[in-house]
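Student: My structure is below; once you've seen it, I'll send some questions.
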Amino acid sequence: MDIADQLNTAEARVIGSLIEKGATTPDNYPLSTNALMAACNQATSRDPVLDLGEREVDAQMLELRQRGLARTLSGAGHRVPKHRHVVDEAIGLDGSELAVIAVLLLRGPQTLNEITTRTERYAGGPEGDPERVSEAIDALAARSEPLVVRLERQPGEREPRIDQLWSPTRGGAQAESPPLAAEASPPPPAPTSPTATNPLPAPAPGLEARIEQLEVALAEQTRRLDDLLTELNG
């Protein structure tokens, strides 16, 4: 499949969310529009955080269906339309490659260790094996139309990062090195403020995972409400 027409920001968020939820919460998949909207707008595991509306999600699904990357199921067995991706079929990605591209679409550039940790929950994914993650990255980068790129390690970074190339708002500019002038003329230090010596405490361990669990539960309650309203209106 030709991917020359790259994903816009909203399309990237929708397709990334569908891949993620299909692999991490298969019992609640495919997703209704409301559940997909909640997944796209999560406050955790997303960079940047978006605020997509129901109509915008449906509009992006229409574009993705026309491009052969997603499907909407309706009729018998589905009280409300449900959405799923078909990226694996459309462009030939295996489970590990799907997991890698999803976390890059949803979170932006990351190190190998970050990708390994964040794809561990993906069914059919690399299962926390950094070698399998690295192999998936190499496969995605070696395609005739590469989907990812290994970035050069920048000053101040402990590890090089990997970025995706499927959404130009995320990938293209990220792969460029910062201008040399920026290194030669660093910005002046910010004025000292009263809070500078009293930084905010770090988030409690496991807080992000707990928030993500709550958001998954909210998406499930949204799905059940959709079903109930459809049944009552029927």
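The values are calculated or read from the model by the stated rules, or taken from the named source; none is laboratory data. Since the model is a prediction, treat every value here as computed from it, not as a measurement. Cβ coordinates were reconstructed from backbone atoms using ideal geometry, including for glycine residues, and neighbour counts include every protein chain displayed.
Student: Looking only at region 79-101, which residues are out of contact with any strand residue (DSSP E or B) (no Cβ under 9 Å at 6 or more places or on another chain) and over 17 Å from Trp166 (Cβ atoms)?
Tutor: Arg79, Gly95
Student: Let me ask something else about it. Please state which of the following conditions Ala123 fails to meet, knowing it meets all the rest: (1) in contact with a Ser or Thr (Cβ under 8 Å, 6 or more places away or on another chain); (2) without any contact (Cβ under 8 Å) to a residue 40 or more places away in the chain.
Tutor: (2)
Student: Only one of these conditions is not met by Glu135: (1) in contact (Cβ under 8 Å) with a residue 24 or more places away in the chain; (2) under 16 Å from Gln164 (Cβ atoms). Which number is it?
Tutor: Exception for Glu135: condition (2).
Student: Filter region 103-135 for residues that are among the hydrophobic types (A, V, I, L, M, F, W, C) and within 29 Å of Met37 (Cβ to Cβ); which is surrounded by the fewest Cβ atoms within 10 Å (Cβ to Cβ)?
Tutor: Top of the filtered list is Ala123.
Student: Okay, next question. Going residue by residue through region 71-79, is there one that turns out to be closer than 21 Å to Val100 by Cβ and among the hydroxyl-bearing types (Ser, Thr, Tyr)? Write out each step before concluding.
Tutor: If we filter region 71-79 for residues that are closer than 21 Å to Val100 by Cβ, which is where we start, we get none.
No: region 71-79 contains no residue that is closer than 21 Å to Val100 by Cβ and among the hydroxyl-bearing types (Ser, Thr, Tyr).
Student: Residues Thr33, Thr9, Thr119, Thr72: which one is of a type in the set (S, T, N, Q) and under 24 Å from Val133 (Cα atoms)?
Tutor: Working: Thr33 fails: under 24 Å from Val133 (Cα atoms); Thr9 fails: under 24 Å from Val133 (Cα atoms); Thr72 fails: under 24 Å from Val133 (Cα atoms).
The unique qualifying residue is Thr119.
Student: Can Asp88 be described as farther than 24 Å from Ala123 by Cβ, surrounded by fewer than 16 Cβ atoms within 10 Å (Cβ to Cβ), free of Cβ contacts under 8 Å to residues at least 40 places away in the same chain and under 18 Å from the mean Cα position of the chain (by Cα)? Please lay out each step first, then the result.
Tutor: Values: farther than 24 Å from Ala123 by Cβ: no; surrounded by fewer than 16 Cβ atoms within 10 Å (Cβ to Cβ): yes; free of Cβ contacts under 8 Å to residues at least 40 places away in the same chain: yes; under 18 Å from the mean Cα position of the chain (by Cα): yes.
The answer is no for Asp88.
Student: Could you list, in sequence order, all residues of region 138-156 that are without any contact (Cβ under 8 Å) to a residue 24 or more places away in the chain and part of a loop (DSSP other than H, G, I, E, B)? Quick ask: steps written out before the conclusion?
Tutor: We begin by selecting, within region 138-156, every residue without any contact (Cβ under 8 Å) to a residue 24 or more places away in the chain; these are 138, 141-144, 146, 150, 153, 156.
Those that are without any contact (Cβ under 8 Å) to a residue 24 or more places away in the chain and part of a loop (DSSP other than H, G, I, E, B): Ala142, Arg143, Ser144, Pro146, Arg153, Gly156.
Student: Condition check: among the hydroxyl-bearing types (Ser, Thr, Tyr), buried (at least 19 other Cβ atoms within 10 Å of the Cβ) and over 13 Å from the mean Cα position of the chain (by Cα). Does Thr72 satisfy that? Don't jump to the end; show me each part of the working.
Tutor: Working: among the hydroxyl-bearing types (Ser, Thr, Tyr): yes; buried (at least 19 other Cβ atoms within 10 Å of the Cβ): no; over 13 Å from the mean Cα position of the chain (by Cα): yes.
No.
Student: Let me ask another. Restricting to region 4-18, give me the number of residues that are surrounded by fewer than 24 Cβ atoms within 10 Å (Cβ to Cβ), in a helix (DSSP H, G or I) and of a type in the set (S, T, N, Q).
Tutor: Number of matching residues: 1.
Student: So is Arg55 basic (Lys, Arg) and closer than 26 Å to Gly124 by Cα or not? Don't jump to the end; show me each part of the working.
Tutor: Numbers: basic (Lys, Arg): yes; closer than 26 Å to Gly124 by Cα: no.
Considered against the rule, which asks whether it is basic (Lys, Arg) and closer than 26 Å to Gly124 by Cα, Arg55 comes out as no.
Student: Now for a separate question. Quick one: Asn34 ticks every box in (1) surrounded by 23 or more Cβ atoms within 10 Å (Cβ to Cβ); (2) out of contact with any strand residue (DSSP E or B) (no Cβ under 7 Å at 6 or more places or on another chain); (3) of a type in the set (S, T, N, Q) bar one, so which box is it?
Tutor: All conditions are met except number (1).
Student: Among the residues of region 102-114, is there at least one that is modelled with pLDDT of 95 or more, touching a strand residue (DSSP E or B) at 6+ places or on another chain (Cβ under 9 Å) and either over 22 Å from Gln164 (Cα atoms) or charged (D, E, K, R) (or both)?
Tutor: Yes, there is a match, as at least one residue in region 102-114 is modelled with pLDDT of 95 or more, touching a strand residue (DSSP E or B) at 6+ places or on another chain (Cβ under 9 Å) and either over 22 Å from Gln164 (Cα atoms) or charged (D, E, K, R) (or both).
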